[in-house]
């Protein structure tokens with residue numbers, strides 16, 4: 001047997017290891033997504049068993065308890081964004097007439113959905129991972145399987161559906177608050193006429209569509225990523241802790257990556273103009 | 001001012017959420033003695049020793065240590081006390097992110113001002129004294145309960161305390177390891193002159209090691225005697241505890 | 001009665017929040033007292049710097065890259081329409097340096113390092129290791145908390161600076177690949193228009209965010225009650241508190257350094 005592998009080989013291995021791990025994780029993630037979608041078909045198709053009120057209960061858990069959190073954070077960030085945008089516009093173009101339109105576009109098609117989802121990723125993602133993770137670690141998932149229930153059907157499907165609905169709902173609320181707070185700031189700090197700001201004719205359907213698509217995608221991604229992390233929890237309560245933090249980071253990053261992908265996609269679709 | 005015992009509890013009262021646990025406890029502990037505090041679960045044994053090192057404040061009464069009153073001290077005021085009164089917790093509470101050696105070296109570094117390497121070397125020596133030399137580089141999670149307890153004792157001794165409090169040192173241990181701990185406690189007292197206050201309900205330990213035994217019942221020291229005197233006591237409540245009978249004159253709340 | 005119940009719930013929530021804010025303020029005071037004069041465990045500081053940096057650099061770099069690209073995608077089309085392509089870099093860079101960079105990197109750091117820290121301290125509290133330290137007459141604030149607070153503060157600032165650079169690179173890359181704006185235009189757009197004030201605006205924020213994340217994560221870690229379930233709840237609470245703090249601090253700093 002020769003001596004230890006040479007440096008180039010070791011470097012390649014060091015680079016390759018995380019790539020292989022990432023690839024495997026991505027495949028498993030897809031597996032969870034497909035499994036969840038299959039679970040939806042199973043539950044709502046012919047002869048499917050649907051736990052009564054499960055989706056509604058999850059909607060309450062996600063939505064009602066994140067309401068104030070989302071409202072407060074998006075309100076503040078809206079004010080800040082508008083402030084910076086106004087500064088930027090005065091410096092670059094010298095007039096603030098376009099600020100309302102551009103800010104609206106940004107809020108509806110990007111920051112509204114994305115920031116709402118990032119807030120939800122921390123709150124909801126952690127919760128889902130912790131619940132599923134501790135059930136896995138205490139072998140309750142195995143117990144579920146023994147009674148003929150697939151954990152994905154029972155645990156993930158209601159949360160998946162609820163998350164999509166509530167993410168969209170909270171995004172609408174969050175975007176409205178963000179835009180309103182921004183409008184207030186523009187009016188109070190920069191003297192922008194509120195009437196030019198709150199003109200309903202400014203809302204462009206393609207921005208709305210993009211925003212909705214993003215909200216739905218984020219709403220789907222968060223429970224999938226968090227559920228995936230929860231299902232991978234190992235060991236004891238420490239393992240659940242790791243799963244929770246991984247879920248928060250993973251969901252947040254997924255939101256950013258998806259935002260980027262969808263924005264680029266929209267750009268391409270609209271021919272280089274937004 | 002009357003000459004006080006080395007450690008003295010006077011009329012100590014403590015209640016948790018309205019429920020009284022200690023109801024006027026008086027106890028004097030002499031320097032260099034091994035005193036066992038015994039009684040049923042929940043009677044306030046651990047609470048008593050926690051008061052002495054300031055982990056729990058008392059509601060009423062006085063606690064004296066070496067001529068100084070300690071029950072009114074704040075957290076920082078207790079630090080000089082904790083250098084002289086060590087505590088070995090029931091579940092050893094070793095730092096699970098460090099090896100045994102690092103566990104024992106930490107107080108050496110902090111209090112003896114040793115450099116890291118010197119502290120590690122001294123720690124190894126101390127672990128060898130409690131027969132843990134072969135496990136010095138293991139993590140607490142890899143060891144048995146008995147080994148963890150011995151390591152915790154070694155760690156507490158790094159401060160060269162004059163008093164060591166033991167919270168149920170042999171509970172949960174097999175008989176062989178329990179006797180090892182007993183022997184350690186005896187050696188501490190004989191060779192280092194340490195005053196040991198041991199909370200326990202391990203009868204063989206009590207009979208073999210204690211100089212005196214304080215039997216706690218209904219929040220007070222119900223009986224205070226040498227182990228043999230206690231075993232021969234005519235008091236029915238003491239007898240029920242020693243004989244380990246489930247029914248008798250003792251009121252056991254919660255059953 | 002719905003009104004009465006809502007009011008009670010709101011009131012209870014308000015009291016809980018006040019208690020937490022008070023507790024965090026108290027801990028801040030203890031940390032500050034341990035820093036003047038600075039007497040803390042140097043070894044622990046170095047160890048934590050190492051761990052926290054290693055743990056979060058990859059995710060921060062990736063996030064920053066995408067954030068930079070995102071801002072370019074959002075701002076460049078509008079800028080192009082105005083015929084001011086040379087401002088494309090500035091438009092994206094301004095937002096990244098002042099807002100997006102510090103906030104997103106802060107949120108990621110909170111999720112990765114802050115949550116882990118709360119879990120660690122929480123587990124130590126629940127297993128009485130914190131009491132163990134106190135019994136050995138070692139001050140947990142000096143030994144455990146202060147090194148972690150400093151490490152998180154320093155690390156987040158460093159990561160934000162690195163992240164800002166990565167974000168600008170990301171912006172340039174995406175501008176080139178997606179919007180056909182070449183490197184040089186972007187580089188000059190950055191260099192000519194972005195001021196040190198823009199850069200430092202973001203750095204001040206990252207220092208504040210670092211302090212907020214550090215203090216909230218430590219506070220929720222050491223006040224855990226209720227075993228393993230309590231640790232989970234503490235992690236959740238810490239991450240949410242950090243996010244709210246970031247948004248609030250962002251608001252105040254933006255207006256204060258106007």
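Name the one entry in C:202, C:221, C:210 that is away from chain A (no Cβ under 13 Å), in contact (Cβ under 8 Å) with a residue 60 or more places away in the chain and crowded, with 18+ Cβ neighbours inside 10 Å. Full working, then the answer.
On the way: C:202 fails: away from chain A (no Cβ under 13 Å); C:221 fails: away from chain A (no Cβ under 13 Å).
Residue meeting the stated conditions: C:210.
Evaluation of residue A:270 against the conditions (1) farther than 19 Å from residue C:58 by Cβ; (2) buried (at least 21 other Cβ atoms within 10 Å of the Cβ); (3) at the interface with another protein chain (Cβ under 9 Å from one of its Cβ atoms) shows that the sole unmet condition is (2).
Being closer than 14 Å to residue C:160 by Cα and either surrounded by fewer than 24 Cβ atoms within 10 Å (Cβ to Cβ) or facing another protein chain (nearest Cβ under 8 Å) (or both) is a property that residue C:59 has.
Is it fair to say residue B:196 is in a strand (DSSP E or B), under 23 Å from residue B:148 (Cβ atoms) and touching a helix residue (DSSP H, G or I) at 6+ places or on another chain (Cβ under 6 Å)? In short, yes. Going through (1) within 30 Å of residue B:112 (Cα to Cα); (2) more than 18 Å from the chain's Cα centre (by Cα) one by one, residue B:230 falls short only on (1).
Among the residues of this structure, residue A:105 counts as one that is surrounded by 11 or more Cβ atoms within 10 Å (Cβ to Cβ), modelled with pLDDT of 85 or more and either out of contact with any strand residue (DSSP E or B) (no Cβ under 6 Å at 6 or more places or on another chain) or more than 13 Å from chain C (Cβ to nearest Cβ) (or both). For segment C:170-184, the set of residues classified as surrounded by 16 or more Cβ atoms within 10 Å (Cβ to Cβ) and part of a helix (DSSP H, G or I) consists of C:170, C:171, C:172, C:173, C:174, C:175, C:178, C:179, listed by residue number.
Number of residues in segment C:227-240 that are more than 7 Å from every other protein chain (Cβ to nearest Cβ) and either crowded, with 24+ Cβ neighbours inside 10 Å or not in a helix (DSSP H, G or I) (or both) equals 2. In the condition set (1) within 30 Å of residue B:81 (Cα to Cα); (2) within 14 Å of chain B (Cβ to nearest Cβ); (3) in a helix (DSSP H, G or I), residue C:138 is compliant with all but (3). Among the conditions (1) facing chain C (nearest Cβ under 8 Å); (2) under 23 Å from residue C:229 (Cα atoms), the only one that residue A:120 does not satisfy is (1). Checked against (1) in contact with a helix residue (DSSP H, G or I) (Cβ under 7 Å, 6 or more places away or on another chain); (2) at the interface with chain C (Cβ under 8 Å from one of its Cβ atoms), residue B:79 passes all but condition (1). Scanning segment C:17-27 for any residue that is modelled with pLDDT of 90 or more and under 30 Å from residue A:98 (Cα atoms) turns up nothing.
Screening A:250, A:265 for residues that are within 14 Å of chain C (Cβ to nearest Cβ), in a helix (DSSP H, G or I) and surrounded by fewer than 16 Cβ atoms within 10 Å (Cβ to Cβ) leaves exactly one candidate, A:265.
Scan segment C:121-141 and give yes if some residue there is in contact with a strand residue (DSSP E or B) (Cβ under 6 Å, 6 or more places away or on another chain) and either within 24 Å of residue A:263 (Cα to Cα) or crowded, with 24+ Cβ neighbours inside 10 Å (or both), otherwise no.
First pass over segment C:121-141, keeping only residues in contact with a strand residue (DSSP E or B) (Cβ under 6 Å, 6 or more places away or on another chain): C:135.
With either within 24 Å of residue A:263 (Cα to Cα) or crowded, with 24+ Cβ neighbours inside 10 Å (or both) added as a condition, the list becomes C:135.
Yes: segment C:121-141 contains one or more residues that are in contact with a strand residue (DSSP E or B) (Cβ under 6 Å, 6 or more places away or on another chain) and either within 24 Å of residue A:263 (Cα to Cα) or crowded, with 24+ Cβ neighbours inside 10 Å (or both).
No other residue among A:168, A:72, A:137 is surrounded by fewer than 24 Cβ atoms within 10 Å (Cβ to Cβ) and either touching a strand residue (DSSP E or B) at 6+ places or on another chain (Cβ under 7 Å) or within 8 Å of chain C (Cβ to nearest Cβ) (or both) apart from A:72. Within segment C:156-167, is even one residue within 11 Å of chain B (Cβ to nearest Cβ) and either within 30 Å of residue C:44 (Cα to Cα) or free of Cβ contacts under 8 Å to residues at least 12 places away in the same chain (or both)? Taking every residue of segment C:156-167 in turn, none turns out to be within 11 Å of chain B (Cβ to nearest Cβ) and either within 30 Å of residue C:44 (Cα to Cα) or free of Cβ contacts under 8 Å to residues at least 12 places away in the same chain (or both). Residues considered: B:96, B:74, B:145. Of these, the only one that is in contact with a helix residue (DSSP H, G or I) (Cβ under 6 Å, 6 or more places away or on another chain) and surrounded by fewer than 18 Cβ atoms within 10 Å (Cβ to Cβ) is B:96.
The values are calculated or read from the model by the stated rules, or taken from the named source; none is laboratory data. Not measured: the values here are computed from a predicted model. Cβ: placed from backbone, ideal geometry, glycine included. Neighbour counts: every protein chain shown.
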